[in-house]
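A quick write-up on the structure given underneath.
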Amino acid sequence: MKNDLISVADLTPEQITGLLDLALELKSKLKQGRAEPLLEGKTLAMIFEKPSLRTRVTFDVGMAQLGGHAVYLGPNQIQLGKRESVADVARNLGRWVDAVMARTFSHQTIVELARNVEIPVINGLSDLEHPCQVLATALSLREKRDSLDGLNVVFVGDGNNVANSLMLLCPRLGMNFVIACPEGYEPNRELTEQARLFAQRRGTTIHILHDPYQAVKGADLIYTDVWASMGQEAEAEKRRKVFGPYQVNGRLLESAKPGCLVSHCLPAHRGEEITDEVLDGPSCMALDEAENRLHIQKAILVSLMR
Ligand code: CP
Ligand code: NVA
């Protein structure tokens, strides 16, 4: 069976730990000037239906550092599913490149790409999940804490793609997961069931709450993200009202454990889901996490493409 990274649910705890170990090794070698061209001559196609800073730059730079090459295919270039069907795009790419990374509106588009091509397909964000992001969260936590076991990760905000992936990741690494969201904005129901089953087996917990102050009690990491994701721009005004009480600010942080970390996948809407004081404060690891996108994705590329 070919290897893809479409959902965090595709990964076993051992595979995740393996990726984190490899990312730390690649990062350390890069910093010492000992990076190796592990993907020499290999090409990654990058399909983007939505904008990106971090995902585009880190996959591109990552391939270059590994001795390979990345090809950027933007929203207006291939017009996925309009100029040509998703399946036909996949079949063509499979003849030229060694892997595909895709950022799409519909999660099904990534599933469809993977179904029609023999080479690995990586989810660079869909409406359902953002696996590369939360693996970078785990890598950053590994660097900052002696052990991940038993840590309490609290997501404050919308039950969106990042929240879904974080909820699937936490039990796989022995961490408890809590989300505080407005009613009607809970994480995906099916993925919640999957995460709960995994948590039960692992002896960790998943809680969905609506009071952010109750949720962050005992938090080791508070995570947040925009209230309206890409593709939900028409709802932004309504969401600003609904999500007002879910802002991550100094007062909320005071209710968490002393030393609690904060993160955000970025881009942030400063003054909405997070205040400047917190985003630019000493507890925030968002930029370290953004840096780690590079290192964890290099580990993913090496694991899938070698
Ligand atoms: N966090 C993240 O994926 O950033 P971009 O949307 O800029 O790629
Ligand atoms: N939830 C956000 C994440 C951006 C990296 C979005 O989908 O727009």
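The values are calculated or read from the model by the stated rules, or taken from the named source; none is laboratory data. Predicted model, so just to flag it, every value in this text is computed and none were measured. All Cβ positions, even for glycine, are placed from backbone atoms using ideal geometry, and neighbour counts span all protein chains on display. Note: accessible area is taken over every heavy atom of the protein model, side chains too, but ligands, DNA and RNA are not part of it. Shrake-Rupley method; radii C 1.70, N 1.55, O 1.52, S 1.80 Å.
For the chain, compute Rg over Rh where Rg is the Cα radius of gyration and Rh is the Kirkwood radius from the inverse mean 1/r over Cα pairs. Walk me through the numbers on the way to the answer.
Values: Rg = 18.8 Å, Rh = 19.6 Å.
Taking Rg over the Kirkwood Rh, I get 0.96.
Sort 130-143, 44-57 for me by packing, meaning the mean count of neighbouring Cβ atoms within 10 Å per residue, highest on top.
On the way: 130-143: 24.5, 44-57: 19.5.
Highest to lowest by the protection proxy: 130-143, 44-57.
Before rounding to the nearest 500, sum -39500 (n - 2.57) across all DSSP H runs of length at least 4 in the chain and divide by the residue total; then give [θ] at 222 nm in deg cm²/dmol.
Details: 13 runs with 133 residues, N = 306.
Rounded to the nearest 500, it is -13000 deg cm²/dmol.
Need one word for the stretch 154-306: rounded, prolate or oblate. Basis is the Cα gyration tensor (sqrt eigenvalues a ≥ b ≥ c); a/c below 1.5 gives rounded, then a/b vs b/c decides.
Details: a/c = 1.31, a/b = 1.19, b/c = 1.10.
It comes out rounded by the Cα gyration axes.
Using a 1.4 Å probe over the heavy atoms of the protein chains, calculate the carbon and sulfur portion of the accessible area of the chain as a whole percent.
On the way: 6500 of 13290 Å².
Answer for the chain: carbon and sulfur cover 49 percent of the accessible area.
Please label the shape of the stretch 119-179 as rounded, prolate or oblate, based on the square roots a ≥ b ≥ c of the eigenvalues of the alpha-carbon gyration tensor (a/c under 1.5 means rounded; beyond that, a/b larger than b/c means prolate, else oblate).
Working: a/c = 2.25, a/b = 1.35, b/c = 1.67.
Since a/c reaches 1.5 but b/c is at least a/b, the shape of the stretch 119-179 is classed as oblate.
State the extension gain, in nm to one decimal, for the chain segment bounded by Asp88 and Glu183, taking 0.36 nm per residue of separation less the distance between their alpha-carbons.
Details: separation 95, 0.36 × 95 = 34.20 nm, distance 4.03 nm.
Difference between extended and current length: 30.2 nm.
Quote the relative contact order of the chain in percent (integer), defining contacts as alpha-carbon pairs under 8 Å separated by 6+ residues.
Numbers: 587 pairs, mean separation 60.5, N = 306.
Averaging sequence separation for qualifying contacts and normalising by length gives 20 percent for the chain.
How would you order 145-157, 207-219, 31-43 from highest to lowest mean count of nearby Cβ atoms within 10 Å? Numbers along the way, then the final one.
Details: 145-157: 19.1, 207-219: 17.2, 31-43: 12.8.
Top of the packing list down: 145-157, 207-219, 31-43.
In Å, what Kirkwood hydrodynamic radius results for the stretch 87-156 from the alpha-carbon pair distances?
By the Kirkwood definition, the hydrodynamic radius is 14.0 Å.
From the cross-link list Lys29/Lys298; Lys82/Lys238; Lys217/Lys238; Lys29/Lys144; Lys50/Lys82, which pairs have alpha carbons spaced over 24 Å apart?
Details: Lys29/Lys298 12 Å; Lys82/Lys238 31 Å; Lys217/Lys238 28 Å; Lys29/Lys144 19 Å; Lys50/Lys82 15 Å.
Flagged as over cut-off: Lys82/Lys238; Lys217/Lys238.
Can you check what the net charge comes to around Leu125, using other residues whose Cβ is under 9 Å from the Cβ of Leu125 (Lys, Arg +1; Asp, Glu -1)?
0
Rolling a 1.4 angstrom probe over the protein heavy atoms, how many square angstrom per residue are accessible across the chain?
Numbers: 13290 Å² over 306 residues.
Each residue of the chain exposes 43 Å² on average to a 1.4 Å probe.
Compute the Cα gyration tensor for the stretch 100-207, then decide on rounded, prolate or oblate, letting a ≥ b ≥ c be the square roots of its eigenvalues: rounded whenever a/c is under 1.5, prolate when a/b is larger than b/c in the other cases, and oblate in all that remain.
Cα axes put the stretch 100-207 in the prolate bin.
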